[in-house]
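Chemist: Can you keep this structure in mind? I'll have questions shortly.
Nothing in this text is a laboratory measurement; each read-out follows from the coordinates by a stated rule. Quick caveat: nothing in here was measured; it's all calculated off a predicted structure. Note that we place each Cβ from the backbone using ideal geometry, even for glycine, and neighbour counts take in every protein chain shown.
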Amino acid sequence: MRVAMDDPMRVTGSVAIPLSEIELRTTRSSGPGGQHANVTDSRVEASFDVVASAALSDAQKARVQAKAGPVVRAVSQDARSQLRNRELALERLREKLQRALHVDRPRRATKPSRSAKARRLDAKKRTGQRKEGRRRPSSDD
């Protein structure tokens with residue numbers, strides 16, 4: 001996913017965040033990589049300040065803050081290239097914001113049907129009879 005600096009990051013169908021609101025910070029990557037990892041800042045951290053954002057409405061800000069906190073961060077140090085890690089960090093940030101903005105449909109309470117209740121009770125009776133058949137015969141018989 002190639003993202004130009006002036007293009008907004010599309011989070012949902014109605015929400016797009018300008019890249020100017022996302023702070024990108026580069027640092028040295030940890031782990032293996034030899035001399036390359038010791039001299040290049042290939043790790044990228046993308047952070048988005050929810051409170052200071054002009055792209056989100058107050059309701060959206062409250063939803064994101066409740067689910068992901070006041071600052072949403074995503075880090076990538078998977079690739080050797082800083083450019084690729086930047087793309088991965090922005091994609092992870094977009095996914096986090098998408099999950100935080102998602103509104104679950106309200107659950108509609110339902111009642112089991114009469115036939116479902118009857119099936120459940122029949123199954124319970126069969127289970128009880130099966131267990132009763134396993135018992136040791138009483139001395140009365």
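Chemist: Please specify each residue of the range 67-112 satisfying the condition of being closer than 18 Å to SER47 by Cβ and among the small types (Gly, Ala, Ser).
Modeler: Answer for the range 67-112, where residues must be closer than 18 Å to SER47 by Cβ and among the small types (Gly, Ala, Ser): ALA68, GLY69, ALA74, SER76, ALA89, ALA100.
Chemist: Something else: Return yes or no: is ARG119 out of contact with any strand residue (DSSP E or B) (no Cβ under 9 Å at 6 or more places or on another chain), farther than 30 Å from LEU24 by Cα, surrounded by 10 or more Cβ atoms within 10 Å (Cβ to Cβ) and not hydroxyl-bearing (Ser, Thr, Tyr)?
Modeler: yes
Chemist: Can you tell me how many residues in the range 47-66 are touching a Lys or Arg at 6+ places or on another chain (Cβ under 7 Å) and either in a helix (DSSP H, G or I) or under 16 Å from LEU88 (Cβ atoms) (or both)?
Modeler: Selection size over the range 47-66: 1.
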